[in-house]
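Engineer: Dumping the structure here so I can ask a few things about it.
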Amino acid sequence: MSKVLGFTGIDDFFPGGSIYANPKEPSLLLSLGRHVDLYFPPQKRSRTSVSLKRSHINDPFLLSGEWFEAEEKQQTSIEDLPDECLFEIFRRLPGGQERSSCACVSKRWLWLLSNICKDEICSTKKTSHENDVTEEEADVEEFGGDGYLSRDLEGKKATDVGLAAIAVGTASRGGLGKLSIRGGNSGCAVTNLGLRAVAHGCPSLKVLSLWNVSTIDDEGLIEIASGCPQLKKLDLCYCPTISDKALIAVAKNCPNLTELSIESCPRIGNEGLQAIGQLSTSLRSLSIKKCTSVGDQGIASLFSSASFLLTKVKLEALTISDLSLAVIGHYGKAVTDLALKYLPNVSEKGFWLMGYGHGLQKLNSLSIASCDGVTDIGLDALGRGCPNLKHLYLCKSAFLSDYGLVSFSKAALSIESLKLEECHRVTQLGFFGVLFNCCAKLKALALISCFGIKDRKLVLPSLSPCSLQSLSICNCPGFGDATMALLGKLCPELQYVELSRLEGVTDAGFLPVLLNSEAGLAKVNLSHCINVTDKIVSSLANKHGLTLEVLNLDGCKKISDVSLMEIAENCPLIWDLDVSESAITDAGISALAGSAMFHLQILSLSGCSLVSNKSLPALRNMGETLLGLNIRNCKAINSRTIGKLVEQLWRCDILA
């Protein structure tokens, strides 16, 4: 063999032995096949031997017949380091991008990085001379930011790993400012560990919403309170394991808290509200719903705090009594918006005390629903005690009659908007009494499902014209032509008219409103007024065509193509038209398409059984301006035509 290859021994091939110190190292560079012949000079026997299968080596090339033995090195990985060492390494990373990259390696690294607080970062900061920024600004930019980003997690997507990733990933990209976690039907997998990661990595968090999350308790919210001192808005809904302890921590550590909303949290009660009242001096908005542990003590201590400046308050489904309303009436000097709903233990006395407490001088908007304590006496007291009240909404006030409504309208001289819903003891006398007493400032009046109103011919004294601009009458069966005729004479400044589900109103009743309106009608809703015909639409188009912008004729079965032709000819500014479930045909759609209606954006033809595939060219011509088209239940339009519309009207949202 040596003669054939031209060398005489080992030293002639390579003096001094193998070119590799370790016989295994050539395999790192050479791809060795199954039948490659190998020659290794004799080496010192290692402690650990590696046996090679005889079938892998050709016998004639083994010099001594001994098996090859080599040293097997122990492989060492960074994963062998304990958490303490990795933590020290991670907190010395130069920037947020490097931390984000490391977080992608494994869950272990992600959790370690998410538990690094801002104060534990040891990265090198650029000097202010180099970048013309202060050290504090550089630190904010590097970790946490100012809170420009928002993240929403819902259902199965809400996990601790997801929160940890958000905490690490948003720290160097503007910072997390808003976080919303909503559990699905089966809840969510977020626990205190996830909130702890957010608390450590997102000091810029300002808004936190927890909805239907039963796996988070006080520990998680306390972590947020400690790590996110900039928190301004907290929303807790259906969180049964969060108690007063967490709310106290928020009050102590979050001095910038301005909005607090609590719903269906049975473990939050008077003690937590007392801490909020004493410590959260920046709080402006408060909403408490369905919290069974909240009573008079909590509400009283909340409002009686000397430094409290609440402006918006909403209380719903609580067991508070007249005492709470008396305290609100006395101490609510900064309250501008007050909403009370379903307070079964509050009586007439409570509303009387709230009105005569003379503390609600700045109250601008008052909403009361499902409170049996709203009576004639209580409403009169509110009118006298709230001189600046402009907006009033009353719903399901079973004991309120015409007397209380008229007394209130006499006392509340600043009222601009009045809405009554399901107040069945209010009749025509109370309705026109409000118009008579508030004719100078009343701008909007709405009646919804008030069954006490009957259409009777009243003889009213000579009244000065009312300043009413918006009138809404919905589902009041007794409202008819006689009442509408009186309204037409009293309200010449009407611009927005909604008459919904009034079977007693015909063309004769609505015509005086059209003829006496001097300001010009801009929005008209006659949905499900089944006795309205083309005649009234023609009068509307001719009289107010240059001001009309929105017209709803949904369910008016006597409306035909004649109305569409009048609208196409006289209403160039209309942008929202609804003729669903009417008698229009393809001819009416063609009339619309051939007119100069350059502003039409929303067209609803739902349930128009006489509109067919022949309307395709007309609808295509209107596609330049249309943004919404409703052709549901148009049985004469087949799927092929719908497909063409979807393809050609790509800018338009089509409901089919």
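Engineer: Which three semi-axes in whole Å describe the equivalent ellipsoid of region 346-396, each the square root of 5 times a Cα gyration tensor eigenvalue, listed largest first?
Structural biologist: Those come to 16, 13, 8 Å.
Engineer: Simple spin-label model, 7 Å along Cα-to-Cβ: SER282 to LEU655 in nm?
Structural biologist: Result: 4.2 nm between the two label points.
Engineer: Here is a follow-up. How high is the FRET efficiency from HIS358 to ALA334, r the C-beta distance, R0 22 Å, rounded to 0.05?
Structural biologist: 0.95
Engineer: Further question: Looking at the P(r) of region 506-581, how many percent of alpha-carbon pairs lie beyond 20 Å?
Structural biologist: Value for region 506-581 (Cα pairs over 20 Å): 18 percent.
Engineer: Sorted from largest to smallest, which semi-axis lengths in Å does the alpha carbon gyration tensor of region 272-394 give for its equivalent ellipsoid, taking the root of 5 times each eigenvalue?
Structural biologist: 20, 17, 12
Engineer: Now a separate question. Just to be sure I follow: if Rg is taken over the C-alpha atoms of region 557-609 and Rh is the Kirkwood radius over the same atoms, what is Rg/Rh?
Structural biologist: 0.93
Engineer: At 0.36 nm per residue, minus the direct Cα-Cα distance, what do ARG108 and ALA519 gain on full extension? Give it in nm, one decimal, please.
Structural biologist: Full-extension gain reported as 141.0 nm.
Engineer: Can I ask one more? Give me Rg/Rg_expected for region 233-316, where Rg uses Cα atoms only and Rg_expected = 2.2 N^0.38 Å with N residues.
Structural biologist: Computed over Cα atoms of region 233-316, the ratio equals 0.94.
Engineer: Could you rank the peptides 263-273, 518-528 by their average count of other C-beta atoms within 10 Å per residue, with the highest value first?
Structural biologist: Highest mean packing first, the order is 263-273, 518-528.
Engineer: Right, next: Charges on Cβ only, +1 for Lys and Arg, -1 for Asp and Glu, centred on the Cα centroid of region 502-656; of ILE530, ALA636, SER563, which one is farthest towards the dipole's positive end?
Structural biologist: Checked the options; the winner is ALA636.
Engineer: Working out 0.36 nm times the residue gap between ASN621 and TYR148, then minus their Cα-Cα distance, what length gain in nm do you get to one decimal?
Structural biologist: In short, 166.0 nm is gained.
Engineer: Also: Once the mean 1/r over all distinct Cα pairs of region 416-480 is inverted, what Kirkwood radius in angstroms do you read off?
Structural biologist: 12.2
Engineer: How are the C-alpha pair distances of region 496-651 spread across 5 Å bins, as whole percents from the shortest bin up?
Structural biologist: Result returned by the calculation: 2, 10, 20, 24, 20, 13, 7, 3, 1, 0.
Engineer: Sticking with this one: How many times 2.2 N^0.38 Å is the alpha carbon radius of gyration of region 347-488?
Structural biologist: So the Cα radius of gyration is 0.99 times the expected 2.2 N^0.38 Å.
Engineer: Would you mind listing how long region 595-656 runs along its three principal axes, going by Cα atoms, in whole Å with the largest first?
Structural biologist: 28, 21, 18
Engineer: Take the Cα gyration tensor of region 171-320, multiply each eigenvalue by 5, square-root it, and list the three semi-axes largest first, rounded to whole angstrom.
Structural biologist: 24, 18, 12
Where a number appears in this text, it was derived from the coordinates with a stated rule and is not lab data. Keep in mind the model is a prediction, meaning the values are calculated, not measured. Counting neighbours? That spans all protein chains shown, and the Cβs are built from the backbone with ideal geometry, glycine included.
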